[in-house]
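Below is one structure, written out as structure tokens; comments come after it.
We did not get these values from a lab; they are worked out from the coordinates using the rules stated. Treat the numbers as computed from the prediction; the structure is a model and nothing was measured. Don't worry about glycine lacking a Cβ; one is built from the backbone with ideal geometry, like all the others, and counts go over all protein chains shown.
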Amino acid sequence: MTPRLAVVPELDEELDRLYGLPLDEFTAVRNELATRLRKAGQADAAERVRTLRKPGVAVWTVNQLARRHPGEIDELVENGRQLRDAQAKALRGTGADAVREATAAERASLRRVTRLAEELLNGEGRPATAAMLERIASTLRAAAVDPDAAALLEAGRLPDEVESSGFAALAAMAPPPSATRRGGAKKREERKPNAAQIRKLETRLAKLEARASDLAERAERAEAVAAEARERAQQAHAEREAAARELRDAKR
């Protein structure tokens, strides 16, 4: 049963309750909340609530995961933070080993949460298609590595699907080289002639590993979508053959 809302709303609590509702109840309860806010003299808050969009199934599922499996979501966010930190350090030339380890941990956590999403959808009687699970996994991964989105993810109040900002966004986190005297820099170059080259190679390796990991995961999800499409095509072909046989029998 849907919990009753307070007569004079505490906005933060009401929003938390709103995003935890069954999806089919969102619009009616949102409108009711906006009405009560307006009657309570909170016109600005009422307008903000009124313009909240009903989440799609993918976002709704992610928000429910945060409520039903907070430990798994917290672990995913922590792994995302570690991956973001490792990538930023790699860009500054401190090595790529940490990127590999953090990537593996983040992918394992993401797979666990995606399986929980599939179970949740099945339990709610909603189709857990490969395409839907891909959208859920993409939002989980992108939100986990974005500090602002991660906070909403953990609170279970994401309003929309989150798109990956890509590795390029991490490049902005790398500080510019510190200003030094040209002569001193030249002497250091002479003492360590391969240091700059090593840093460049480590940075390039970290970028390529992150890119390869992202593409591999996308390929896995694309293969799942393709497999589902093939299965549906085979089913449609079988149904067509059955209908054709029935038609031939009817004409005899």
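Remark: region 115-124, residue by residue, has Karplus-estimated 3J(HN,Hα) of 5, 5, 5, 4, 5, 4, 4, 4, x, 8 Hz, where x stands for each Gly or Pro and the curve is 6.51 cos²θ - 1.76 cosθ + 1.60 at θ = phi - 60°. Taking the average, over residues, of other Cβ atoms within 10 Å as the packing measure, peptides 108-118, 78-88 rank 78-88, 108-118 from highest down.
Scalar couplings 3J(HN,Hα) for region 38-54, obtained by applying the Karplus form with A = 6.51, B = -1.76, C = 1.60 to θ = phi - 60°, are 4, 5, 7, x, 9, 4, 5, 5, 4, 5, 4, 5, 4, 8, 5, 7, 5 Hz; x denotes Gly and Pro.
Taking Cα centroids, how far is region 101-151 from region 7-39 in Å? Comparing the Cα centres of region 101-151 and region 7-39, I get a distance of 26 Å. Ranked by the mean number of other Cβ atoms within 10 Å of their residues, highest first, the peptides 230-236, 24-30 come out as 24-30, 230-236. For region 11-54, the alpha carbon positions stretch 28, 17, 13 Å along the principal axes, listed from largest to smallest. Take 147-157, 240-250 and order them by the average number of nearby Cβ atoms within 10 Å per residue, most first; the result is 147-157, 240-250. Compared with the rule-of-thumb size 2.2 N^0.38 Å for a compact globular protein, region 17-146 has a Cα radius of gyration ratio of 1.32.
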